[in-house]
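The values are calculated or read from the model by the stated rules, or taken from the named source; none is laboratory data. Keep in mind that what you see is a predicted model, and the values were worked out from it rather than measured. Heads up, the Cβs are rebuilt from the backbone with ideal geometry, glycines too, and the neighbour counts pull from every protein chain shown.
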């Protein structure tokens, strides 16, 4: 039998090394089963991405300090997508961060195991989905929670508000890091709409602390007239950056009808009446589909409505159309407002190389960026970025061609840098709603988990 002195020496050595004794109060039975919780059970990544979202893991064990616990991946259901060594766990104490590196498009279930003192363990499953690599991966971030990013506005402090054309919710994202929205606001109720009433938000413009948001105003994809798509509404911005709050302010649902009446009074020059008739598809060369909104130079009252369709004339090589609304501040003066009709200025036809307006945004110096794309729903057709000075008689100048080899279509520009500066950059948003992100034949907008739905944000260098 060992002496008391020997046992004391053994205990002292064990404690010095941080090794728990399995005798008395330090026996294995004195430790509880560890607990492990995930901030989210679903996570999306992309092959080659440098800024993917992460998951926070919270761990604990009764009778033990959380810093003594370890967390690691113990199983992957599809190692070709992401294996055990592709799961990185960082941090100490009761909170750890899990990041996953994707190697191939697809899905895998990752088992995360916490090992506590006394050899006791617990596990949780992280459902992981990886989309394919894209061009400009280093400056690309993914905005999760919705796939149809369709318009974006800078909120200051490194944050932006992004609209989704499949819902009436505006989401706020970290511009640098992407991931899940920091906040979100569903304006259906404030606008007197049901959740099933889709505004089809496609464009936005900010003046001071007011943001104007507009639906596409066109029929739906089946040619059905949907009144809610003609909604133009405003939100008031309170605060800035991460503390920003958006609240409903004004609304007008008559702009589509006003545009049709204006065109009729001017000889049906643009064919708006025919293009908005029941059965007409909006994404046609002679269709009716709004995707751009921005104010005229030095104006807080006149705003340009930018059309994805029609092309003017409706033939290859036609021009893009802007229609100035000269009393934009008056038609959205309340909730709801149906008394004041829109008035219009002289339409502007821009040569965008046969492309139409997918977004338009200006800076305080009245320098405009125009995202130009096809009227059709084929996102493999050309996209380009143009600069313009806002003067009707002046032609836009192409800055760069935008990549089209990846899924999704370019639909928004967040803000406009000084276009006279060398190396100026702009952040663009891509709508991934129709993309099969994970190779299973499911469009992103139809995925069951919002964490797997995502649009794409990419920063481009646009001046030499």
* Would you mind stating whether residue 130 is in contact (Cβ under 8 Å) with a residue 24 or more places away in the chain, in contact with a helix residue (DSSP H, G or I) (Cβ under 6 Å, 6 or more places away or on another chain) and either in the same structural domain as residue 173 (by TED's automatic domain parsing) or farther than 16 Å from residue 37 by Cβ (or both)? => no
* **Condition check for residue 453: touching a helix residue (DSSP H, G or I) at 6+ places or on another chain (Cβ under 9 Å), touching a residue at least 12 places away in the same chain (Cβ under 8 Å), under 29 Å from residue 281 (Cα atoms) and not assigned by TED's automatic domain parsing to the domain that holds residue 45** => yes
* Scope segment 220-245; condition surrounded by 14 or more Cβ atoms within 10 Å (Cβ to Cβ) and in a strand (DSSP E or B); matching residues -> 232, 233, 234, 235, 236, 237
* Filter pass, residue 343 being in contact with a helix residue (DSSP H, G or I) (Cβ under 9 Å, 6 or more places away or on another chain), surrounded by fewer than 19 Cβ atoms within 10 Å (Cβ to Cβ) and either under 21 Å from residue 206 (Cβ atoms) or modelled with pLDDT of 95 or more (or both) -> yes
* Residue among 176, 248, 205, 163 that is surrounded by fewer than 21 Cβ atoms within 10 Å (Cβ to Cβ), in contact with a strand residue (DSSP E or B) (Cβ under 9 Å, 6 or more places away or on another chain) and assigned to a strand (DSSP E or B) -> 248
* Asked: Any idea how many residues of segment 108-124 are closer than 22 Å to residue 47 by Cβ and either surrounded by fewer than 17 Cβ atoms within 10 Å (Cβ to Cβ) or touching a helix residue (DSSP H, G or I) at 6+ places or on another chain (Cβ under 7 Å) (or both)?
  -> 2
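Do you know which residues across segment 184-201 are touching a residue at least 60 places away in the same chain (Cβ under 8 Å) and either within 23 Å of residue 369 (Cβ to Cβ) or assigned to a loop (DSSP other than H, G, I, E, B) (or both)? Walk me through how you get there before you give the answer.
Taking segment 184-201 and keeping what is touching a residue at least 60 places away in the same chain (Cβ under 8 Å), we get 185, 187, 190-192.
Of everything in segment 184-201, those that are touching a residue at least 60 places away in the same chain (Cβ under 8 Å) and either within 23 Å of residue 369 (Cβ to Cβ) or assigned to a loop (DSSP other than H, G, I, E, B) (or both) turn out to be 187, 190, 191, 192.
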* **Every residue from segment 426-458 that is assigned to a strand (DSSP E or B) and surrounded by fewer than 21 Cβ atoms within 10 Å (Cβ to Cβ)** => 427
* Asked: So which residues in segment 202-235 are free of Cβ contacts under 8 Å to residues at least 60 places away in the same chain and closer than 18 Å to residue 415 by Cα?
  -> 206, 209, 210, 211
* Asked: For segment 371-384, how many residues are surrounded by fewer than 21 Cβ atoms within 10 Å (Cβ to Cβ) and in contact (Cβ under 8 Å) with a residue 60 or more places away in the chain?
  -> 2
* **Selection from segment 397-425 of residues that are on the phi > 0 side of the Ramachandran plot and buried (at least 22 other Cβ atoms within 10 Å of the Cβ)** => 408
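Yes/no matrix, rows are residues, columns are (1) closer than 25 Å to residue 137 by Cα; (2) free of Cβ contacts under 8 Å to residues at least 40 places away in the same chain; (3) assigned by TED's automatic domain parsing to the domain that holds residue 108:
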| site | (1), (2), (3) |
| --- | --- |
| 52 | yes, no, yes |
| 59 | no, no, yes |
| 70 | no, no, yes |
| 77 | no, yes, yes |
* To do: Answer yes or no as to whether residue 327 is over 28 Å from the mean Cα position of the chain (by Cα), within 30 Å of residue 189 (Cα to Cα), surrounded by 15 or more Cβ atoms within 10 Å (Cβ to Cβ) and at pLDDT 95 or above.
  => yes
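Which one of 264, 319 is assigned by TED's automatic domain parsing to the domain that holds residue 187 and either crowded, with 19+ Cβ neighbours inside 10 Å or over 24 Å from residue 368 (Cβ atoms) (or both)?
On the way: 319 fails: either crowded, with 19+ Cβ neighbours inside 10 Å or over 24 Å from residue 368 (Cβ atoms) (or both).
Matching residue, one of 264, 319: 264.
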* Check whether at least one residue in segment 84-103 is surrounded by 18 or more Cβ atoms within 10 Å (Cβ to Cβ), closer than 15 Å to residue 454 by Cβ and not assigned by TED's automatic domain parsing to the domain that holds residue 410, and report yes or no. => yes
* Asked: Taking segment 48-62 on its own, how many of its residues are surrounded by 15 or more Cβ atoms within 10 Å (Cβ to Cβ) and more than 29 Å from the chain's Cα centre (by Cα)?
  -> 3
